[in-house]
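Visitor: Below are the structure tokens for one structure; questions will follow.
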């Protein structure tokens, strides 16, 4: 996945916003809460996303992935794809969606409704 493809994919998710910060990283947020980052690692794009604790344990051991610098060292369950082989584009997209959903789940129902983010179990 290229940086442009990453940005296009994240932009397609409901109620997201984009900022460039932290040394020219593309940072994607839902309701001002970060769910995905694309920055540089070892001279190439690196994709960082939030995962469950189990996901953190499994993904951190895969070739091309690692606990996300800075975030994981502070006890947060974030993983970074920083080199090959890493995940396929399809797998990466699924993890970006899961990260988005994990962050969105932390929002109040009122906030989710206001942003048009579906709430499981509610008809919309």
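Visitor: Provide 4, 26 in ascending order of the number of other Cβ atoms located within 10 Å of each residue's Cβ, fewest first.
Guide: Going from sparsest to densest Cβ surroundings: 4, 26.
Visitor: Helix 89-105 against the longest principal axis of the chain: what's the angle in degrees, Cα atoms only, rounded to the nearest 10?
Guide: Once rounded, one gets 50 degrees.
Visitor: Would you mind computing, in nm to one decimal, how far apart the modelled labels at residue 115 and residue 44 are, each placed 7 Å from Cα along Cα→Cβ?
Guide: 3.1 nm
Visitor: Expressed in nm to one decimal, what extension gain is obtained for the pair residue 14 and residue 88 from 0.36 nm per residue of sequence separation less their Cα-Cα distance?
Guide: 24.3 nm
Visitor: Let me have the relative contact order for region 9-124, percent, based on Cα pairs under 8 Å that are six or more residues apart.
Guide: Computed over region 9-124, the figure is 22 percent.
Visitor: Give the relative contact order (percent, whole number) for region 11-77; include only Cα pairs under 8 Å separated by 6+ residues.
Guide: 17 percent
Visitor: Output the peptides 82-91, 45-54 sorted from most to least packed, where packing is the average of other Cβ atoms within 10 Å over each peptide's residues.
Guide: Ranked by mean Cβ neighbours within 10 Å, highest first: 45-54, 82-91.
Visitor: Can you sort 40, 78 from fewest to most other Cβ atoms within 10 Å of each residue's own Cβ?
Guide: 40, 78
Visitor: Enter the per residue convex hull volume of region 3-110, computed from alpha-carbon coordinates, in Å³ rounded to the nearest integer.
Guide: 103 Å³
Visitor: By counting other Cβ atoms within 10 Å of each Cβ, how are 71, 65 ranked from fewest to most?
Guide: Least crowded to most crowded, the residues run 71, 65.
Just so you know, all these numbers are worked out from the coordinates, no wet-lab data involved. Since the model is a prediction, treat every value here as computed from it, not as a measurement. So basically every Cβ, Gly included, is an ideal-geometry build from the backbone, and we count neighbours across all protein chains shown.
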